[in-house]
Amino acid sequence: MSGSGPTQPARVHPVTPLVQVGQVVPLVILLGLGIGGSFLERYGARGVLALLAFVVVTSALVGGLTFLQWRRLTFWFDAEGDFRLDSGVFTQRRRRLQLSRLQGVDVTQPLLARLVGLGAVTIEVAGAGDSRAKIEFLSLDDANSLRNEVIARAAGLRPESGEAPSRPLVSVPTRDLFVSLLLRGSTIVLLGLTLGMFAITVIAVGWAGVMTLVLGGVPVVVVLAEFAAFYNFTVGESADGLRIRSGLLHVRSQTIPPGRVQAVEFVQSWMWRRRDWVRVRLNVAGLRSSGDGQEQGGVEQVLLPVAPMDVALAVVGRVIPGVDVRSVPLVPAPSRARARAWIQFAGLGVGHDDEAFITTRGRFVRRMAVVPHARTQSVRLTQGPWERALGLVSMHVDSPPGPVRIVALHRDPAEARELAEGQNRRAHQALGAAGRGRWMVEDDPGSMLAPREDGSDHVG
């Protein structure tokens with residue numbers, strides 16, 4: 001689809017129903033085996049024929065539904081330059097996505113779609129409710145063309161200008177990715193539990209043997225799933241935004257327009273420290289959690305799954321210019337906070353410079369969260385029962401939903417209020433507009449700070 005004005009309604013690729021049925025067939029087979037396993041054992045060949053009939057009939061029903069969905073799904077650009085999508089079999093849905101509020105565009109290729117050269121396009125715009133449209137499937141060339149046109153129209157450019165050139169920033173080596181997943185604390189703990197259960201199995205067979213299989217399978221599945229998701233992870237930079245591509249079986253190409261990154265977090269497992277490795281996670285405006293990535297399409301919203309700290313800082317500098325986290329002095333938590341956070345006490349810190357606000361927490365897994373002052377949505381103070389008994393307060397900087405939490409845990413009340421007021425003032429100055437970035441204190445007339453209703457010490 002091209003042209004600077006409105007376009008004619010188009011359909012997805014005619015092979016789409018077959019691909020969607022192909023994705024469902026393995027689940028149908030597993031369902032049939034789960035329901036009729038005993039039936040197969042009892043009736044032998046007749047049971048196999050019954051299972052085949054179940055798979056064929058169920059697949060045909062799914063195929064008929066996906067065919068009707070294919071017939072009813074059309075998409076186009078209207079005269080105002082917005083993206084339109086009509087869909088629905090029993091209930092027709094007409095949607096309009098304002099591209100002036102574009103947050104990101106992905107091109108993904110599940111394994112079966114990849115084998116036949118197809119891809120799906122996911123368009124995300126800011127807004128409450130259903131602000132995402134997924135068009136599956138198009139030929140890969142058409143999918144990339146649609147992505148480029150969406151980005152161009154959102155930027156006010158001519159759609160036929162083509163894809164903006166991309167400059168590679170970093171590529172994650174396959175060996176480093178695999179080793180980093182093996183050296184994560186969660187993987188090591190699960191493997192340790194597996195060895196412990198195996199030792200018990202040697203002494204007493206029974207439930208311990210079952211637990212060994214379960215615990216032994218969890219770290220393997222987790223490592224393989226993340227390895228497949230982050231395989232061949234590359235980050236590039238272009239005029240239309242940040243480009244991230246990764247995936248072994250399910251290939252994902254994501255474009256994040258400029259200015260959408262709201263906060264970043266450097267995560268370092270204790271086994272990564274000798275290599276100075278970190279993972280960099282993002283909060284991106286408009287993107288929501290969706291289970292297959294824990295955000296739109298990936299294992300989580302990640303800028304880098306693993307990289308040396310110097311490399312990570314260089315890449316973060318491209319999305320949040322002017323921030324030098326290593327030069328920002330961090331103020332530790334007061335000594336009485338040790339009674340509240342005796343494990344991670346030494347890792348608690350907070351600081352800021354002219355560009356960003358920074359918090360640190362964690363001992364075995366260190367986390368450094370960074371939010372530019374201009375991206376501050378609001379600031380809050382909270383105090384749980386344990387904190388109240390110790391005379392402590394936690395200060396939060398709110399950011400759009402995502403994996404990054406910006407929280408200065410267990411501070412002195414006067415310091416926390418000063419941090420909140422100061423961050424509110426810095427946010428006002430960075431935004432250049434009065435009345436934005438208000439800060440809120442959860443309190444009541446009877447106390448300096450009231451505990452939250454759930455009794456927790458800080459926002460989860």
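The values are calculated or read from the model by the stated rules, or taken from the named source; none is laboratory data. Fair warning: this is a prediction, and the values are worked out from it, not measured in the lab. Here the Cβ positions follow ideal geometry from the backbone for every residue, glycine too, while neighbour counts run over all protein chains shown. The protein model used for the area step is the full one, side chains on, heavy atoms only, and it has no ligands, DNA or RNA in it. Shrake-Rupley method; radii C 1.70, N 1.55, O 1.52, S 1.80 Å.
With all protein chains present and a 1.4 Å probe, how do M309, M271 order by accessible area, largest first?
Of M309, M271, the descending order of accessible area is M271, M309.
Please list the radius of gyration and Dmax for the stretch 55-104, considering alpha-carbon atoms only, with Å as the unit.
Rg, Dmax (Cα atoms, Å): 14.9, 46.
Report the net charge of residues surrounding S253, where surrounding means a beta-carbon distance below 9 angstrom and charges are Lys +1, Arg +1, Asp -1, Glu -1. Present the calculation step by step, with values, prior to reporting the outcome.
Numbers: positive: R147, R243, R245, R252; negative: D106.
Result for the neighbourhood of S253: +3.
What are the ³J(HN,Hα) values, in whole Hz, obtained from phi via the Karplus relation 6.51 cos²θ - 1.76 cosθ + 1.60 with θ = phi - 60°, for each residue of the stretch 262-269 in sequence order, with x given for Gly and Pro?
9, 7, 10, 9, 9, 10, 10, 5
Would you mind working out the accessible area per residue for the stretch 320-430, using a 1.4 Å probe, and quoting it in Å²?
Accessible surface, normalised per residue, equals 43 Å².
Tell me, what HN-Hα J-couplings in whole Hz come from the Karplus equation 6.51 cos²θ - 1.76 cosθ + 1.60 at θ = phi - 60° for each residue of the stretch 368-379, using x for Gly and Pro?
10, 9, 10, 10, x, 4, 5, 9, 5, 8, 6, 10
Out of residues 5 or more away from V170 or on other chains, whose amide H comes under 5 Å of its own, with H placed 1.01 Å from N in the peptide plane?
Close amide H contacts, sequence-distant or interchain: V235.
Leaving ligands, DNA and RNA out of it, rank D142, D354, D106 by accessible area with a 1.4 Å probe, largest first.
Result, largest first: D354, D142, D106.
Between rounded, prolate and oblate, where does the stretch 68-131 land on the alpha carbon gyration tensor, with a ≥ b ≥ c its root eigenvalues, rounded for a/c under 1.5, else prolate if a/b exceeds b/c?
Since a/c reaches 1.5 but b/c is at least a/b, the shape of the stretch 68-131 is classed as oblate.
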